[in-house]
Every structure is written in C-alpha cells, then in structure tokens.
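Chemist: Can you read through this structure? Questions will come right after.
The values are calculated or read from the model by the stated rules, or taken from the named source; none is laboratory data. A quick note: this is a predicted structure, and the numbers were derived from the prediction, not measured. Please note: Cβ atoms are built from the backbone with ideal geometry, for glycine as well, and neighbour counts cover all protein chains shown. Heads up: the accessible areas ignore ligands, DNA and RNA and are worked out on the full protein's heavy atoms, side chains in. Shrake-Rupley method; radii C 1.70, N 1.55, O 1.52, S 1.80 Å.
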Amino acid sequence: MLDVISSGFKEAKLKFKGKATLTEENIKEATSAIRKSLLEADVEYGVTKTFIKRVQEKALGQEVTLKAGKAQSKMKVSPADHFINICQEELEGLMGPVDSELKYAVNRPTSIMMVGLQGTGKTTTTGKIASFLKNQKKRKPMLVAADIYRPAAAQQLKVLGERIGVPVFHIEGENPVVICEEAKKKAFEWECDTILYDTAGRLTIDETLMTELADIKSSTSPDNILLVCDAMMGQDAVTTAKSFDELLEISGVVMTKLDGDARGGAALSIKEVTGKPIKFLGMGEELDRLEEFRPEGLASRILG
Ligand code: GDP
C-alpha cells in the first residue's frame, strides 16, 4: 500500500545519515526524493508543490532555530527524525482534519446516497458501510438497489445484504427515483433507521447519469452523499471527485482499493483539491475491510 510514496520518504531519511543537523543542502536532497515519489504516485502537481514548499520552509526554520539556539548539542532526536516529524505534520495537514463522522438524522431514518463511477467498488462499499453501521454503530440499516441499468447490480446487492444480514429493497422495472422514494416508506415498515441508496455508475461521467443522480438527490434529500473513488485511478479519481462535487455537493469520499495500489496518490490530493474529506478507506474485497479514515494513521503508515 502506497509503496511508491513510502519509498520516497525512506530515501529522504537516508539523506540525513551521518549528518549532525538539517542544512539547506540535505533538506533539498531529501525533498527532491519525496517530490519524485509523490509525482510518480500520481499526487496532483499543485498539491505536490505546496507540500514540498511547506516541508522545506518548516525544515529550514528548524535549521535556523538549531543554529541560533545552540540546541544542537542538547538535541535528543536525530535530524532525520526531526525531518520526518515535519513530514508527518504536513501529511496530516494535507489529508486532515479528521472528519469521518456521518450526519445522522433525528426522528426519521438517516439516508446515505452512494455515488461513483462503475467498477470503483461502489456496491461493495455500500455493503461494507451497512455492515459497519450495523456492527459498530448498532444501527438498523437497509440497502436500496437503485442501479437499474446493470441487471446484475440488484442481485449483487441482494447477495451482499444476505451475507451481512441487512434487508435489501428493489422494485423490478421501476425508475430509480421511484425506487428511492418507495424505499423511504419501506424503512418505516421495516423499522430501519438508516437507508443506503446504491445508485447507478457509468464508465465515465455523462449528463444522463448526473441528471439522474441530481433527481434522486432532490427527491430523497440525503443526509450524506458519499463518493466512492478508486485509488488506482490516480489523478482521474481527483478530477472525478471535483465533477461530482460541483454537481451534487458531496459530503465526503470513500477511497477504495488502497490495499492493492502501490501508487495511491489520490488519497493525498483529494482533500486539498476538492475540500471534501475522506470518510472511509477500502482496504480489500472482503466486507470487513473498511476503515474510518484517520489522517495521522495513514501518514504514519506512509512514513513507516
Ligand atoms: P461498482 O461497479 O462500483 O459497484 O463496483 P463493485 O462493488 O462491483 O466492485 C468492483 C470490484 O472491486 C470488485 O471485484 C470488488 O471486489 C473490488 N473492490 C471493491 N472495493 C475494494 C477494495 O477496497 N480493495 C480491493 N482490492 N478491491 C475492491
């Protein structure tokens, strides 16, 4: 996971080996290794530039402080550790603050609209979140199959629902807006307190899809709109997120397939570019492979 980015930070650390302090020269060498790995991992160019600038400025400030305060001899941590601490702070700043909470409604069922391009892991993630809400948050979720174009989609959701013990609602041959509206009524009958709408995806963003999603949004007024993004799509995931956000005003992102992706730069860019937080990470195909997003956790994993 995120091996390319991690290797850049490892290489950066080596630039301080045997060095007594942070200097302009070794900071430059270290940040150059990081810059290379971030771009290779498909972190957005502007985000990479800003991140490197922040790290350089902080590290150079550190150099001045060390010299001026003669603190060097008292220093317990090595220059490499100092530098990595700065990177940790800046990585957390880039991806944070923590904002993984969902919005819960009072006196009526909470609704979560799941959107995303086809193949990103949207249906799997819908099942994972339902399972998470049931087991960790002690809620009573229901799933709604609102993808009417892929015949297998409703069946896939039904299978997922059975595996996690969550009811699935679908009306054969009906349009998605009606399915979602009927689902709201069904939630009262089934005594469910959380409704997850699994909407249709396409291979690319097109007008028909966006109109349909906008219609579902205005008829159901969801409390949360979560965009499922495939980390393997790199910068395309970020561009997609920007478009979905402009049209639907998403609440946040679920970044999937971080387990299999050696690059995964989208995880670092998406908050900075869209202003929307990552809420969850998908870490595998199994239904329990979902994590609430913690910027400090991911930053620590990247830095090893
Ligand atoms: P959808 O078309 O967006 O609904 O995508 P699906 O839910 O059908 O998932 C597409 C593929 O991605 C399936 O093979 C899933 O098992 C796989 N998948 C989903 N989430 C993850 C994840 O977090 N990690 C990995 N490795 N695979 C995932």
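Chemist: Here is a list of conditions, (1) on the phi < 0 side of the Ramachandran plot; (2) open to solvent by 10 Å² or more (accessible area, probe 1.4 Å); (3) in contact (Cβ under 8 Å) with a residue 12 or more places away in the chain, and residue 304 meets all of them except one; can you say which number that is?
Modeler: Result: residue 304 fails condition (1) only.
Chemist: Would you check which residues across the stretch 75-87 are assigned to a helix (DSSP H, G or I) and open to solvent by less than 50 Å² (accessible area, probe 1.4 Å) and list them?
Modeler: Listed by number, the residues that qualify are 79, 80, 82, 83, 84, 86, 87.
Chemist: Counting only residues that are at pLDDT below 95 and open to solvent by less than 40 Å² (accessible area, probe 1.4 Å), which one in the stretch 251-261 is farthest from residue 111 (Cα to Cα)?
Modeler: 261
Chemist: If residue 152 passes every condition in (1) modelled with pLDDT of 95 or more; (2) surrounded by fewer than 18 Cβ atoms within 10 Å (Cβ to Cβ) but one, which one does it miss?
Modeler: Of the numbered conditions (1) modelled with pLDDT of 95 or more; (2) surrounded by fewer than 18 Cβ atoms within 10 Å (Cβ to Cβ), the odd one out for residue 152 is (1).
Chemist: Counting just the residues of the stretch 262-297 that are without any contact (Cβ under 8 Å) to a residue 60 or more places away in the chain, under 16 Å from residue 241 (Cα atoms) and within 16 Å of the ligand (Cβ to nearest atom), which one comes out surrounded by the fewest Cβ atoms within 10 Å (Cβ to Cβ)?
Modeler: Filtering the stretch 262-297 for residues that are without any contact (Cβ under 8 Å) to a residue 60 or more places away in the chain, under 16 Å from residue 241 (Cα atoms) and within 16 Å of the ligand (Cβ to nearest atom), the one surrounded by the fewest Cβ atoms within 10 Å (Cβ to Cβ) comes out as 281.
Chemist: Exactly one of (1) under 22 Å from residue 249 (Cα atoms); (2) in contact with a helix residue (DSSP H, G or I) (Cβ under 7 Å, 6 or more places away or on another chain); (3) open to solvent by 10 Å² or more (accessible area, probe 1.4 Å) is unmet by residue 122. Its number?
Modeler: In the conditions (1) under 22 Å from residue 249 (Cα atoms); (2) in contact with a helix residue (DSSP H, G or I) (Cβ under 7 Å, 6 or more places away or on another chain); (3) open to solvent by 10 Å² or more (accessible area, probe 1.4 Å), residue 122 misses (2) alone.
Chemist: All but one of (1) closer than 22 Å to residue 156 by Cβ; (2) touching a strand residue (DSSP E or B) at 6+ places or on another chain (Cβ under 8 Å); (3) open to solvent by 50 Å² or more (accessible area, probe 1.4 Å) hold for residue 221; state the number of the condition that does not hold.
Modeler: Of (1) closer than 22 Å to residue 156 by Cβ; (2) touching a strand residue (DSSP E or B) at 6+ places or on another chain (Cβ under 8 Å); (3) open to solvent by 50 Å² or more (accessible area, probe 1.4 Å), only one is false for residue 221: (1).
Chemist: Go through (1) open to solvent by less than 70 Å² (accessible area, probe 1.4 Å); (2) over 20 Å from residue 216 (Cα atoms); (3) in contact (Cβ under 8 Å) with a residue 40 or more places away in the chain for residue 90 and report which single condition fails.
Modeler: So residue 90 meets the others, but not (3).
Chemist: Can you pull out every residue in the stretch 106-119 that is within 12 Å of the ligand (Cβ to nearest atom) and either modelled with pLDDT under 95 or open to solvent by 30 Å² or more (accessible area, probe 1.4 Å) (or both)?
Modeler: Scanning the stretch 106-119 gives 118, 119.
Chemist: Quick one: which residue in 138, 185, 134, 103 is open to solvent by 50 Å² or more (accessible area, probe 1.4 Å), under 23 Å from residue 253 (Cα atoms), free of Cβ contacts under 8 Å to residues at least 12 places away in the same chain and among the basic types (Lys, Arg)?
Modeler: 138
Chemist: Kindly provide the set of residues from the stretch 224-243 that are within 13 Å of the ligand (Cβ to nearest atom) and out of contact with any strand residue (DSSP E or B) (no Cβ under 8 Å at 6 or more places or on another chain), ordered by number.
Modeler: Once the filter is applied, which keeps residues that are within 13 Å of the ligand (Cβ to nearest atom) and out of contact with any strand residue (DSSP E or B) (no Cβ under 8 Å at 6 or more places or on another chain), the stretch 224-243 yields 232, 233.
Chemist: Among the residues of the stretch 47-64, is any at pLDDT below 95 and of a type in the set (S, T, N, Q)?
Modeler: Yes, because at least one residue in the stretch 47-64 is at pLDDT below 95 and of a type in the set (S, T, N, Q).
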